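Report on the following structure.
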Amino acid sequence: MEPLDKHRQEDFVQQLFGSIAKRYDLLNAIFTLNQDTYWRNFATEKANVAAGHSVLDVCCGTGKLSIALAEKVGPNGRIIGLDFSENMLQQAKENIKKTSYKQTITLMQGNALYLPFADNSFDCATIGFGLRNVANIKRALSEMVRVIKPGGTVLSVELSKPSAPIIKQLYYLYFEHLLPLLGNLGFNKNQPYYNLPASLRTLPEHSVIQDLFIQVGLEQVNYYQLTGGIAAVHLGIK
C-alpha cells in the first residue's frame, strides 16, 4: 500500500492528474450525480466577485470553475486559471473553446505554492477540488492571500467528510471501494483512482481548515457544508 502522503508529492500529483485528464469531467459528473456543478455554482455565488473583477483560479484543472467565474466578471473582467498539470490545462483549453469566455480566461502553468504574481493583484482567489492535493495547505492559502487585494476573497470548494452517521458510512463505502473500481476501468496499469481516497482521508476537518484560513490572516471566515457534508466551501476576506 502506498504511503498516505504520497498524493501530496508534486511529481505524483502531476502524473496522477495527467493520466486522468481526458476523462476527469465525465467521471466527476457521473460519480457525483452532477452535484459537482451545483458545488461550483454555489462557490461562485459565495466568491463575492462582480463585473470587471480579476480572479485567480488556483489548481484550475479542466477550467470548469474558471468558466463559472468568467460569467460573473463579464467581458471587462479577467480570470487567470493556473495549474501545474499540462494535460489538465489542455482539457481546460478545450472546455473554454466551447464558451464565449475565450477572451476573459487566460490559462497558465504554475505551482500553487509559488504563485508567479505580485502582491495585491486580484480581487479574488479560488481553489476548486485542489486543496487536498497540495503539498502544504497553509502555504497555498498564504500565497492566495498574498496575491489578493485588501477586501478580496479567498475561497476553497472541496470534497469533504460527511458527519451524519448513515451518510458517512455509505459515502466511505462508495468512495473507498465502488468509485475506484469504476474509475479505473480502462486503465491497464497505475489505476489512478485507487489513490484518490487517500487525499480525502488525510484532508483536515472543516474546523481545522477554518483555523488555517484564520492563521493566514483572513477575516470573516466561514464554511458551508453541501450535499450532506460531501463537499464544503470555505471562505474568508483579506
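Every read-out reported here was derived from the displayed coordinates using simple, explicitly stated rules and does not represent laboratory data. Model, not experiment: these values are computed from the prediction. A quick note on method: Cβ atoms are made from the backbone with ideal geometry, for glycine too, and the neighbour counts reach across all protein chains shown.
Structure notes:
- Residue separation of D211 and E71 scaled by 0.36 nm, minus their Cα-Cα distance, works out to 47.3 nm of gained length.
- Among the listed pairs K22/K102; K98/K238; K93/K149, those with a Cα-Cα distance over 23 Å are K98/K238; K93/K149.
- Taking every alpha-carbon pair under 8 Å whose residues sit at least 6 apart, segment 83-162 reaches a relative contact order of 31 percent.
- Put simply, the amide H of L107, placed in the peptide plane, has neighbours under 5 Å in G81, leaving out anything fewer than 5 places away on its chain.
- Amide H contacts under 5 Å for A231, placed H, 5+ residues apart: S160, L226
- Under Karplus coefficients 6.51, -1.76 and 1.60, residue-wise ³J(HN,Hα) of segment 200-216 in Hz, glycine/proline x: 7, 4, 9, 5, x, 5, 3, 5, 5, 5, 4, 4, 5, 4, 5, 4, 8
- Taken one residue at a time, the phi angles of segment 100-113 give Karplus couplings (6.51, -1.76, 1.60, θ = phi - 60°) of 9, 10, 4, 8, 8, 9, 10, 9, 8, 8, x, 10, 4, 8 Hz. Gly and Pro are set to x.
- Cα-projected label distance for I237 with N48, points at 7 Å along beta-carbon direction, nm: 0.4
- Taking packing as the residue-averaged number of other Cβ atoms within 10 angstrom, the listed peptides 109-117, 79-87, 37-45 run from highest to lowest as 79-87, 37-45, 109-117.
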